[in-house]
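Just below is one structure, and these are the notes that go with it.
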Amino acid sequence: LRMSDHAKRRVRYHQPRRHHTSMTVALLTLAAVCAADQLEGPLSPSAGALERARGYAQPMPRTTAGGLSDMAVVYIAMGAGAEEALFAYSVRNLRERGGFHGEVFVLTDQPNCAPASTTVVFIPPSTVELDLNGKPISSNTSLPAESQQAETYYKSFKMQIFQYLPARIVYVLYLDTDIIPGLPIAQLLAERRRLGEQVTARRGAPTGQNETVDLVMFAEYKTEVDWRKPILSLREKIVLGQPFHGGAWLAKRGVSDGCLLGWLENVRAMARGRSKNVVRDQKALGKAVAGFTCNPAALNESFLLKSALANSRGELRVLHHVTRTGLLQRNTIADGAWYQFGEVLLGINATLARQLVPKSTLVQKLESCWRERKPEPISGFQWQTARNAECSQFASGSIQAQAVQAGWLPRTKDSTGISYGVAAALAVALLAGVAALSLVIRRVIGRRLDRYRLTDL
């Protein structure tokens, strides 16, 4: 049976369609792979980074500080502070190096940034909208009752922590998110026994002969000041203005309530009418101390290392203050010193961390085929400025993703949902499957139509 010209044209038309079908399926599949290749997480393919790096980090010794039923450690991680890796480092070191196995509460407006080993207390985010000078953008802006500035709003919860904790929690160790434990904290926690002690009253105290210790905290300055001197030097006035460090302290429910309330009232008073968005809570505490509302006792200064790097394990302290306004702002500190400090304090392998370079993903390799792509200028894992991996997505092959795989950047939980990138990859794969199926159906129907036409002929 000879085919008609129309049938021959149909047969010739079907031949290249097979080629188009395979090419379409290949391109759509490649697009799905490319979309997935940009992801880093539990649902993404392996980034293939630092296969030998696991196990290189120096092990952190485990000690026991006890799981005290009436004792808890509290962080306030709100706003940008919750998104910094310093917060995750602090919690991890508290468990591993500090040896604390009790409850850790996190007051935060970003619950997804809290490590899995913590108990989250959700705090509504600040409704303040500020310009670069810290002034409200609109007079109609709804301002929180605590203060007129977002930073002060966050800090105000420091003095209200007992209101957000279970009644069974009697003692609290408060830590700022940039306070990183380096040694066991059992000896520090033992200082809570001083709370409620009766001590000799300072000159001018309205209580008479004795005062009650209501907070236990670090002295901000080493300078000793005689409260009884009628005339004080400028240095002594500064010391009395900010006598204690507000980033780490011990408090007791009932005993510390009056001091915390007076401290909070001073913070609110200082925030009223200010054009800047930062109120130093140390100054507010200094006013409460000067007004005899608070009577803190000083902790042993050897427990805390402020604004300095530890170059060896022998220089480690119970707590290290990696200050944002001090230590992190010093451009004179060499990268080598930061890597050494990260190895000593966090167990990061300094040699491998400084050698990390971004690894090209499949999409980046494809981009280089048709246009020149500039290499990423950053090299080495900068742990001190890294983002919190608990609530951040990193591109596959990036330095941060490699640090997560090496165990240097803490990530204690996997994503419970599907990210936008994964959803996009699945959507592309689904479209590829639908397109391939439709092309196959068209081929089958076309062949049947040709068969019917040949039969008719």
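For the reader, a short list of remarks on this structure follows.
- Just one of (1) modelled with pLDDT of 80 or more; (2) open to solvent by 80 Å² or more (accessible area, probe 1.4 Å) fails for A406. It is (2).
This table checks each residue for (1) assigned to a helix (DSSP H, G or I); (2) among the acidic types (D, E); (3) farther than 30 Å from A116 by Cα; (4) modelled with pLDDT of 60 or more.
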| site | (1), (2), (3), (4) |
| --- | --- |
| T416 | no, no, no, no |
| G421 | yes, no, no, no |
| L426 | yes, no, no, yes |
| L431 | yes, no, yes, yes |
| A436 | yes, no, yes, yes |
| I445 | yes, no, yes, yes |
| L454 | yes, no, yes, no |
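- For region 52-109, a residue qualifies if it is farther than 27 Å from N349 by Cβ, open to solvent by less than 40 Å² (accessible area, probe 1.4 Å) and at pLDDT below 85, and exactly one does: G66.
- Any hit, region 243-253, residues being open to solvent by 10 Å² or more (accessible area, probe 1.4 Å), under 24 Å from Y174 (Cβ atoms) and at pLDDT 95 or above: yes
- Filtered by the rule that a residue be open to solvent by less than 40 Å² (accessible area, probe 1.4 Å) and of a type in the set (D, E, K, R), region 161-179 gives D176, D178.
- Count - residues of region 94-118 that are under 11 Å from A77 (Cβ atoms) and part of a loop (DSSP other than H, G, I, E, B): 5
- The set of residues in region 380-403 being crowded, with 19+ Cβ neighbours inside 10 Å, at pLDDT 90 or above and either on the phi > 0 side of the Ramachandran plot or among the charged types (D, E, K, R) (or both) consists of E390 alone.
- Of all the numbered requirements in (1) modelled with pLDDT under 85; (2) open to solvent by 10 Å² or more (accessible area, probe 1.4 Å); (3) among the hydrophobic types (A, V, I, L, M, F, W, C), F303 misses one, and that requirement is (1).
The values are calculated or read from the model by the stated rules, or taken from the named source; none is laboratory data. Since this is a predicted model, take the numbers as computed values, not measurements. Neighbour counts are summed over all protein chains in view; Cβ atoms, including those assigned to glycine, are modelled from backbone coordinates with ideal geometry. SASA here: full protein model, heavy atoms, side chains in, ligands and nucleic acids out. Shrake-Rupley method; radii C 1.70, N 1.55, O 1.52, S 1.80 Å.
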